[in-house]
1. Show the residue pairs that are 6+ apart or on different chains and have beta-carbon atoms under 7 Å apart, the first residue being within region 200-222 and under 17 Å from M171 (Cβ atoms) and assigned by TED's automatic domain parsing to the domain that holds I181, the second being of a type in the set (D, E) and surrounded by 15 or more Cβ atoms within 10 Å (Cβ to Cβ).
2. Please find, among G179, G187, the residue that is of a type in the set (G, A, S), closer than 17 Å to A256 by Cβ and not assigned by TED's automatic domain parsing to the domain that holds T23.
3. All but one of (1) modelled with pLDDT of 95 or more; (2) under 30 Å from F116 (Cα atoms); (3) not polar (S, T, N, Q) hold for K262, so report the exception by its number.
4. Only one residue in V83, V94, V71 is touching a residue at least 12 places away in the same chain (Cβ under 8 Å), more than 12 Å from the chain's Cα centre (by Cα) and buried (at least 18 other Cβ atoms within 10 Å of the Cβ), so which one is that?
5. Taking only pairs six or more apart or across chains, which ones have beta-carbon atoms under 9 Å, a first residue in region 141-164 that is under 19 Å from L59 (Cβ atoms), and a second residue that is surrounded by fewer than 16 Cβ atoms within 10 Å (Cβ to Cβ) and basic (K, R)?
6. For region 27-43, which residues satisfy the criterion of being assigned to a helix (DSSP H, G or I) and either exposed (fewer than 13 other Cβ atoms within 10 Å of the Cβ) or under 20 Å from the mean Cα position of the chain (by Cα) (or both)?
7. Quick one: would you say I212 is modelled with pLDDT under 90, buried (at least 17 other Cβ atoms within 10 Å of the Cβ) and touching a Lys or Arg at 6+ places or on another chain (Cβ under 9 Å)?
8. Of all residues in region 147-159 being at pLDDT below 95 and touching a strand residue (DSSP E or B) at 6+ places or on another chain (Cβ under 9 Å), which is farthest from D76 (Cα to Cα)?
Amino acid sequence: MEIVLFSRPRVNHTAAELRRFITAVSDCGMKWRLNEQFAERIGNLTGIDIPTDKRYASLSETELATDAIIVCYGGDGTFLEAVRRLNGRSVPMVGINRGRLGFLASIPADRMEEAFAGLRQGAYTTQQRSLLQVEGDFPEAPAHPFAFNEFTIQRNTAEMIDVETYAGDDMIANYRGDGIILSTPSGSTAYSLSVGGPIVAPECNCFILSPIAPHNLSMRPVVIPDTIRIVFRVTTRSQSALATLDNMNYTVPNGASFTVSKAKKSINLIQLQNISFYDTLRNKMMWGLDKRDLDNNNKI
């Protein structure tokens, strides 16, 4: 088994954590490599020189062994960038959280040694996570026309936009406001959640439509089977709107239309046996915690 590590220079690394990380990787008993930018970051902060044979130039171009596992070190943004760079290659992925919330990068950084031991022992399962495939009026065709979390259409000026939305041939609504989010179950804990969308277990085969600041306050999120193609038609008084595929932004013209469907490709997300989706959800959302206990801990 080979561990292929990926991180971004934008992650707020510290020297102490990187020393611990390299120690954990070196002691894990598996072959490993990491991306050039990450190696340079480690060298600059810790003085540790990562050998050339432990480096690779680009995740999108490097060859991966059949038993390779991608380990992302950062937050959910790092995880999403790794998904984009893999460009549909079916490689098991897992994330160690060095970001803020971390639903995709679900392994706490203080449990990384335990995580590497679990990977070495095969104490994990893989879960297929769906991708959105988007076609439409982009200024130029995206190199990676897929989204793991969500596809959005949003205003990029002070003016509201209208987004006519169809499930197949059936019109759902004309969403007037700041925009609309179409998310996968994986993305239900991301942008969709912040605008009032439901949390959906990753095993569910569905899309979630969540309006962003709708002008009509009766509009609510809608859950739709992922076997249906979703069509969006954009109208705005300004000359353009903003479309996003996860963390990639595109300025699109007034009158643009987009068709979104479930991609044939999927992502294999590693689930360590001692860290479930519901464990992550409960811990990140702090469900069941008494605010008085938190306040008391902060006073210590």
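The values are calculated or read from the model by the stated rules, or taken from the named source; none is laboratory data. Just so you know, these numbers come straight off a predicted model, no measurement behind them. With ideal geometry, Cβ positions are generated from the backbone for all residues, glycine too; neighbour counts draw on all protein chains shown.
1. Close Cβ pairs satisfying both conditions: F207/D226.
2. Only one candidate passes the filter, namely G179.
3. (2)
4. V71
5. Pairs found: F146/K265.
6. Within region 27-43, F38 is the sole residue that qualifies.
7. no
8. Looking at the filtered set, the residue picked out is E159.
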